[in-house]
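In what follows, a structure is listed as structure tokens, so that the remarks can point back to it.
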Amino acid sequence: MTVIQICALITIVIALAILYWIGYRGGLTDGLAQGYDEGHAQGFIEGMDEGESAGSTALEQISERCRRLQSILDHQPLDRLTLLAIAEKLKLAADTFRAVRSDSQATQALSLRDKALSMAAQLDPFELGDAA
């Protein structure tokens, strides 16, 4: 090969490398832009869906709390006082059963007393004190 052919070959190789590099960079830039746009749109849609589901869940929880509060306000304070009176009578019954050595009846009365106290506590979420 002559010197001119070697220079032409080197020039062609360099030109092809520059052309390949320009095409590679252009494709990379276009791919990144397209991926960003698609990812942004997909992320936006997923975020909206997630926000809607979280919002509906929160709305259901708030609605349930409102229904419970309305129930509490409707049944207060008479039902709560009745449950507390029942709990006191069950405590007296448990003490009486213990005195006559009927431990199973005393345990049952105390269990019912605990249930009555827990029901009274549910009716009074604003004051958390000793119910009996």
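Throughout, read-outs are computed from the coordinates displayed, never taken from laboratory work. Since this is a predicted model, take the numbers as computed values, not measurements. Here the Cβ positions follow ideal geometry from the backbone for every residue, glycine too, while neighbour counts run over all protein chains shown.
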Relative contact order (percent, whole number), the chain, Cα cutoff 8 Å, 6+ residue spacing: 20 percent
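Reported to two decimal places, what Rg/Rh ratio describes segment 1-123 when computed on Cα atoms with Rh from the Kirkwood expression?
Rounded to two decimals, Rg over Rh is 1.78.
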Two-site label geometry, E64 and V13: point separation in nm, points 7 Å out along Cα→Cβ: 7.4 nm
Residue-span extension gain [A85 to S118] - 0.36 nm each, minus C-alpha spacing: 10.6 nm
Burial ranking of peptide ranges 102-113, 53-64 (average Cβ count within 10 Å, highest at the top): 102-113, 53-64
Helix-only CD estimate at 222 nm, as mean residue ellipticity for the chain, using -39500 (n - 2.57) per DSSP H run (n ≥ 4): -32500 deg cm²/dmol
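Can you compute the charge dipole magnitude of segment 34-91 about its Cα centre, using +1 on each Lys and Arg Cβ and -1 on each Asp and Glu Cβ, nothing else charged? Give it in debye, rounded to the nearest 20. Each step should come with its number before you reach the end.
Values: 6 positive and 11 negative charges, 188 e Å.
The dipole magnitude comes to about 900 debye.
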25 °C / 0.890 mPa s Stokes-Einstein diffusion coefficient of segment 1-53, Kirkwood radius on C-alpha pairs, µm²/s: 169 µm²/s
